[in-house]
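Engineer: Submitted below is the structure of interest, expressed as structure tokens.
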Amino acid sequence: MRKVITIFEDRLMNINLNSDEQKAILKLRELIGSNNLRVYYDGSVQVMHYVGFFTIEKISIQILPKVIEDVNNFNDQDVMNWSMKALYNMLKESEFNNVLELPEAIELNLNEHSFLEIFISIFARKVLNYYEKSIYREYKVENQDVTFIKGKININNTIKHNIKGSHLHNVSFDELTENNVFNSIIKTILLKLLSFTQSAENKKLIRKCLVFFDSTNLIELSIPLFDNLKFSRLNEKLRVLINMARMFYSNLAPEYQIGKQTIFSFLIPVNQLFEYYVYRKLCKDNTLKIMYQKEFGFLKLYSQKKIIKPDYIILDDLNIKYVGDAKYKIVDPTNFRDFNNSDLYQIYTYLKINDSKIGFLYYPQTIGSHRKDIEIESVESDPIKVIVKFIDLV
């Protein structure tokens with residue numbers, strides 16, 4: 001039975017790891033960098049800047065975004081539920097959704113499963129939904145020795161057989177078969193996920209899917225295999241399944257030091273996820289034109305330039321330019337010390353370079369409070385104004 005541990009990004013948590021679990025979690029450093037993971041002798045763990053999940057051997061760690069300032073005022077299950085929903089909502093607005101095509105959160109039991117189990121469930125349900133309607137088949141060239149002629153006779157091979165006294169014809173013909181590369185990829189991934197999942201519901205779903213692949217061979221997966229797949233109007237609907245299969249394969253990496261163990265990870269920088277989430281929210285306002293992470297040169301030495309990249313350049317319907325920047329941090333707007341100097345320096349620089357007088361800083365809205373917009377002004381005769389906005393994730 002795999003142990004599932006939930007921790008929150010950037011929050012120091014004591015999870016009482018035994019020695020084997022400490023060794024396992026230290027493998028996470030190889031994926032996100034040693035600066036983003038701290039493990040202390042008292043069993044405390046802190047993961048910075050990343051959310052997602054990480055599985056190795058008998059331990060699975062899911063890293064959720066922090067959405068509550070003071071967790072002591074809420075029970076643990078509520079905190080986890082809100083954080084799961086926040087992560088799911090950000091993923092649904094992210095570019096990952098081009099691959100995942102995530103259903104609405106209301107269709108899933110986010111409070112009952114880890115994110116690994118949710119992803120497995122989504123994949124299995126998509127496979128089941130497709131193959132219950134029709135099993136994908138494609139024509140494949142078969143070469144056989146037969147008594148009765150069908151297809152194209154291979155003259156040279158037939159002559160060789162008849163010299164030996166066999167009265168067979170070597171023929172080639174097209175056969176419509178379900179034993180093709182697309183089905184083989186999906187079956188191979190399903191069997192791998194069957195070994196990972198601990199959910200009885202997911203095991204049942206995967207076994208129902210595998211019924212459709214009895215006549216399909218397993219296949220050795222590789223990135224070139226996925227790269228060389230050809231889609232047509234006949235198999236275009238399989239693209240989502242293949243993209244998800246590729247995502248699962250890409251995050252299954254052979255372990256280096258402990259036998260043939262497997263690491264399975266899906267880890268995303270939370271700040272990038274939040275930046276794109278805010279961008280998608282801004283794009284829903286049809287009165288605004290949004291440029292996302294447009295690069296500007298602002299200093300140069302000879303032919304070399306220093307580049308800055310604001311998260312958002314915003315033009316309204318009057319063509320007034322604003323600059324925006326998003327930070328996944330919990331801040332208290334009533335406490336000016338909570339605003340990191342580097343965040344303020346950064347937005348101030350963006351405004352000066354873009355000759356703009358109004359900028360926006362976006363932070364996540366915390367659960368249990370409703371942060372109102374606040375305004376910060378520079379100490380100049382013609383001041384620059386920074387409007388701090390709090391974005392709801394749940």
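The values are calculated or read from the model by the stated rules, or taken from the named source; none is laboratory data. Bear in mind that the values here come from a model prediction, so they are computed numbers and not experimental data. Methodologically, a virtual Cβ is constructed for each residue, glycine included, from the backbone with ideal geometry; neighbour enumeration extends over all protein chains shown. Ligands, DNA and RNA are stripped out before the accessible areas are found, and what is left, the full protein with its side chains, is counted by its heavy atoms. Shrake-Rupley method; radii C 1.70, N 1.55, O 1.52, S 1.80 Å.
Engineer: Using a 1.4 angstrom probe and counting only protein chains, how large is the accessible area of S381 in Å², to 10?
Structural biologist: 130 Å²
Engineer: Hey, any idea what % of the stretch 320-364's accessible area is carbon plus sulfur with a 1.4 Å probe?
Structural biologist: Of the solvent-accessible surface of the stretch 320-364, carbon and sulfur hold 50 percent.
Engineer: As an exercise, use a Förster radius of 41 Å and the Cβ-Cβ distance of Y41 and K284 to find the FRET efficiency, rounded to the nearest 0.05.
Structural biologist: According to the calculation, E is roughly 0.30.
Engineer: A further question follows. Could you state how much accessible area V270 has, in square angstrom rounded to the nearest 10, with a 1.4 Å probe and all protein chains kept in place?
Structural biologist: About 10 Å², ignoring ligands and nucleic acids.
Engineer: Distance from the Cα centre of the stretch 338-394 to that of the stretch 208-228, in angstrom?
Structural biologist: The two parts, judged by their Cα centres, are 50 Å apart.
Engineer: Counting other Cβ atoms within 10 Å, which chymotrypsin sites (Phe, Trp or Tyr not before Pro) in the stretch 1-56 have at most 15 and lie in a DSSP loop?
Structural biologist: Those that pass, being in a loop and sparsely packed, are Y40, Y41.
Engineer: Where the only charges are on Cβ atoms (+1 Lys, Arg; -1 Asp, Glu), what is the dipole of the stretch 1-134 about its Cα centre, to the nearest 20 debye?
Structural biologist: For the stretch 1-134, the charge dipole is close to 420 debye.
Engineer: Please work out the average accessible area per residue across the stretch 190-253, using the 1.4 Å probe convention, and give it in Å².
Structural biologist: For the stretch 190-253, the solvent-accessible area averages 56 Å² per residue.
Engineer: Which GluC sites (Glu not before Pro) from the stretch 311-381 combine a DSSP loop assignment with at most 15 other Cβ atoms within 10 Å?
Structural biologist: E380
Engineer: Just tell me which aspartates and glutamates come within less than 14 Å, Cα to Cα, of K23; anything on the same chain fewer than 8 places away is out.
Structural biologist: E57, E255
Engineer: Where the centroid of each part is defined by its Cα atoms, how far is the stretch 261-334 from the stretch 4-34 in Å?
Structural biologist: After rounding, the separation between the Cα centres reads 29 Å.
Engineer: If you don't mind, another one. To the nearest 10 Å², what's H370's accessible area with a 1.4 Å probe?
Structural biologist: Surface open to solvent at H370 totals about 140 Å².
Engineer: Moving on to the next point. Given contacts defined as C-alpha pairs under 8 Å and at least six residues apart, what's the relative contact order of the stretch 186-306, whole-number percent?
Structural biologist: 15 percent
Engineer: Over the stretch 305-394, with the other protein chains present, what is the accessible area per residue in square angstrom, probe 1.4 angstrom?
Structural biologist: Averaged over the residues of the stretch 305-394, the accessible area is 53 Å².
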